[in-house]
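S.K.: The following block contains the structure, expressed as structure tokens.
The values are calculated or read from the model by the stated rules, or taken from the named source; none is laboratory data. Just so it is clear, the model here is predicted, and its values are computed rather than measured. Ligands, DNA and RNA are excluded from the accessible area calculation, which covers all protein heavy atoms including side chains. Shrake-Rupley method; radii C 1.70, N 1.55, O 1.52, S 1.80 Å.
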Amino acid sequence: MMSDNKVVNLALVASGDPSEVAKAVGELRTRLPGMIEYQRIMARLQREAYLAYLAEGFTPKQALDLAKEVRP
């Protein structure tokens, strides 16, 4: 059974009751706009980190490697 405060993993639900799958899909549709906005913010944060590393004199490869580590 799904909990209201947990993100649903469709892979775990898919083998179960079809109504649970439908609920999971509905939950994902509800959360999708927020998830997309989060990814946009994270992309911008990583880009800004990359540019900051370049501005500090790191090579493009070093800056890219360091920016990959940027996580909230």
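S.K.: Regarding Gly16, is this residue outside any helix (DSSP H, G or I) and at pLDDT 95 or above?
M.R.: No.
S.K.: Which of the residues that make up segment 30-53 are of a type outside the set (Ser, Thr, Tyr), open to solvent by 60 Å² or more (accessible area, probe 1.4 Å) and over 15 Å from the mean Cα position of the chain (by Cα)?
M.R.: Arg47, Glu48, Leu51
S.K.: Those residues that are open to solvent by 50 Å² or more (accessible area, probe 1.4 Å) and either modelled with pLDDT of 90 or more or assigned to a helix (DSSP H, G or I) (or both), I need them from segment 1-13; list them, please.
M.R.: Scanning segment 1-13 gives Leu10, Ala11, Leu12.
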